[in-house]
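First the structure, in the form of structure tokens, and then the observations on it.
The values are calculated or read from the model by the stated rules, or taken from the named source; none is laboratory data. These numbers come from a predicted model, not from an experiment. These area figures cover heavy atoms from the full protein model, side chains too; ligands, DNA and RNA do not enter into them. Shrake-Rupley method; radii C 1.70, N 1.55, O 1.52, S 1.80 Å.
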Amino acid sequence: MWERQPVTTLTGMTLLDQLATGRRWVVDAGRSRVELEMHVAGLVAVRGRFTRVRGHLDRPDESGEEGCAVHVDVEAASLTTGSACRDAVLNAAGIIDTAAGPLITYRSRTLRPAPHGGWQVLGVIGTARCALPLRLAVGDPETTPEGVMLHGRGELSRDDVVRLVARSGAAVLMGPTATLDLTLALRPVLPGE
């Protein structure tokens with residue numbers, strides 16, 4: 001089971017202060033989490049975790065927020081609730097239809113400070129079926145011995161989930177929204193990597 005590593009929030013430092021320019025930061029898959037939570041059958045909140053995630057954040061130059069780019073890929077078939085029985089029910093219901101494509105991708109378009117602290121990352125989430133806008137609210141970064149930890153959340157409507165990854169008949173089982181919850185552990189790419 002994933003355990004939270006010791007972190008320090010750098011009060012007064014912005015995300016850009018912590019991410020050195022001219023660097024690529026890669027997602028440490030073993031310490032990152034990408035989760036999807038939704039109500040199923042109108043009764044039960046079900047949270048699943050995508051176990052195979054990769055990606056990177058680039059800060060190529062001094063261009064500020066506009067120069068940052070976030071790329072995250074998850075394998076659709078890697079979603080698990082941690083219960084084989086619950087996974088079988090969700091798979092049979094078509095909540096995640098791997099025929100929609102093997103990857104779910106997120107690509108940022110804009111990074112900007114949020115009015116009340118933290119950041120807004122505006123981007124596009126997509127599969128082989130379609131691409132849809134998705135806004136992530138990202139908290140202040142935390143430093144770890146290995147790099148930086150970012151926490152973000154975004155919401156998708158039931159219709160968007162169906163368009164992206166579910167079979168059309170699965171919509172009747174879903175609540176009105178789904179929450180995407182990301183914890184990305186980023187470490188700088190070392191010279192020669």
Taking Cα pairs under 8 Å and at least six residues apart, what relative contact order does segment 113-193 come out at, in percent? 26
Apply the Karplus curve 6.51 cos²θ - 1.76 cosθ + 1.60, θ = phi - 60°, to the phi angles in segment 143-150 and return the couplings in whole Hz, x for Gly and Pro. 8, 10, x, 8, x, 9, 10, 10
Taking θ as phi - 60°, what are the ³J(HN,Hα) couplings along segment 131-136 by the Karplus curve (6.51, -1.76, 1.60), each to the nearest whole Hz, with x for Gly and Pro? 10, 9, x, 9, 9, 10
Between Leu103 and residues 5 or more places away or on another chain, which pairs have amide H atoms under 5 Å apart, with H built 1.01 Å from N, and which residues are they? Ala76, Ala128
In whole Hz, the Karplus estimates of ³J(HN,Hα) for segment 109-120 (6.51, -1.76, 1.60; θ = phi - 60°; x where Gly or Pro) are 10, 9, 10, 8, x, 7, x, 10, x, x, 9, 10
Amide H proximity to Gly118 below 5 Å, modelled H, separation 5+ or other chain, gives Asp140
Restricted to Cα positions, what overall size does segment 118-192 have along the principal axes? Three whole-Å values, descending. 47, 28, 19
So the carbon and sulfur contribution to the accessible area of segment 37-138, 1.4 Å probe, in percent, is 57
For segment 37-176, what is the accessible area per residue in Å² when the probe is 1.4 Å? 49
